[in-house]
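Coordinate-derived values only; no laboratory data. Worth saying up front: this structure is predicted, and the values here are computed from it rather than measured. Neighbour counts run over all protein chains shown; Cβ positions are idealised from the backbone, glycine included.
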Amino acid sequence: MISTEQINTDWAPKAEKTGSLTPEMLDLIYHEKWFKLFVPIELRGLGLTLPDALYLEEKIARLDASMGWTVTLCAGAGWFVGFLDEKLSREIFADPKVCLAGSGFVGGKANRKGDHYEISGSWTYASGALHATHFTANCEMLEDGKALLDANGKPLVKAFILKKEEVEILDGWSYMGMIATGSHAFKTENLKVPHNRVFEILPEKVTRTESIYRYPFLQFAEATLAVNILGITQHLQRLISDTFWKRHEFRKYDQKHLGYFQKLEKSCASKLEIARMKFYEAVEISWQELEINGKISNKSLRSVSKSSRKLTQICREINSKMHPFAGLEAAKTHTELNRVWRDFNTVSQHALLIFPF
């Protein structure tokens, strides 16, 4: 049984102050193998199904946004094990403290020269960079200096596994929220990398038989990001409600004002729970199709995408409606409420879930 009860809420302010997850957070993550949610049991991972992983990611994000996001992004990078060279996978995941950080940004060029690639580039927003053992980096492919093109005539892009000692971390995370994720940039120059460290996230490139690696990456990413936004919203909604009722003890709102707030509070909670249920229902249907049929219908994939976006939209709407009722407590930079509000308004900017369709 996987439990989040060991998470201490006192860790979050310390993590934000240092700009990285605390040693206590990391020890718990390593012990529970949360960076290896999708790594097979034979490689010392948890080997979770997608629905089970999503429920866990939601719980962690509800307790602390930065911890939940870092676990989700690093575990998501660990999902790439299903596309890696098998010998390389055994080498990487033998480390109990393995953590993959990466960036979806195509920031480098990989030039094939004989028995190796020469890589140069810089990549942004690698959550967990400060404690990562490996990085994933997308590169445009060249051969002997000549650009390679895909079937559509566009630059051919592939991903590489880089070791932490092969990259330089750049202090590039200067945003108001999700500070403890340490989502810094990284770079490398003229790095020689062997051929077995290149991989592609394509159905025909899967190197393992487990169902999780046949789940399409787009919907996988949408769903895992959406549950983080959900968990942070649950946390924020509770804090706003708690703050309002504490204010009531001093301000003594009349029944008309109390009634308005209670109606709004109930409406927001109902909207969120309905969107949450529809989201998990869509994910569960898609997962069952994958397990039974070996593939997911386009209808079910569209449903996962739509419900992920709708859930995120509902989170934005209800947080915006409830936020004024927290008063100036929400503007005090040292409070838990302010930190969670900043975290939400940072993470909800993710480009993948901006549009509601």
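Below, the figures for the structure above:
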| quantity | calculated |
| --- | --- |
| Rounded to 5, percent antiparallel among DSSP beta bridges of the range 7-165 | 65 percent |
| For the chain, share of DSSP beta bridges that run antiparallel, in % to the nearest 5 | 75 percent |
| Label-point separation, Glu200 to Leu218 (7 Å along Cα→Cβ), nm | 1.8 nm |
| Of the trypsin sites (Lys or Arg not before Pro) in the range 72-110, those whose Cβ has at most 12 other Cβ within 10 Å and which sit in DSSP loop | Lys97 |
| Pair Ala269, Asn8: separation of 7 Å Cα→Cβ label points (nm) | 3.1 nm |
| Rounded to the nearest 20 debye, dipole of the range 245-354 from Cβ charges on Lys, Arg, Asp, Glu | 420 debye |
| Sequence-distant residues sharing a close amide H with Leu84 (under 5 Å, placed H) | Thr207 |
| Potential lengthening between Leu258 and Gln349 on full extension [0.36 nm per residue; Cα-Cα distance subtracted] | 29.5 nm |
| Entries of Lys14/Lys263; Lys59/Lys310; Lys256/Lys332; Lys87/Lys187; Lys59/Lys332; Lys192/Lys295 with Cα pairs more than 31 Å apart | Lys14/Lys263; Lys192/Lys295 |
| Helical contribution to [θ] at 222 nm, DSSP H n ≥ 4, -39,500 (n - 2.57), averaged over the chain, rounded to 500 | -15500 deg cm²/dmol |
| Net charge contributed by nearby residues that have their C-beta within less than 13 Å of Leu337 (K/R +1, D/E -1) | +2 |
| Dipole of the range 1-154, positive direction: furthest Cα of Ala75, Leu148, Gly128, with charges on the beta-carbon | Leu148 |
| Lys158 long-range amide H proximity, modeled H, under 5 Å | Cys139, Met141 |
| Check: the range 10-168 dipole with +1 on Lys, Arg Cβ and -1 on Asp, Glu Cβ, in debye | 140 debye |
| Zone residues, the range 312-332, relative to His248, backbone N less than 14 Å from point 7 Å out along Cα-to-Cβ | 325-326 |
| Kyte-Doolittle mean at least -1.0, axial Cα span of 18 Å or more - DSSP H helices of the chain | 50-63, 65-78, 217-251, 255-293, 298-322 |
| Listed residue (Phe93, Gln262, Leu272) projecting farthest to the positive dipole end of the chain, Cβ model | Gln262 |
| Long-range amide H partners of Leu170 with built H, under 5 Å | Ala185, Phe186, Lys187 |
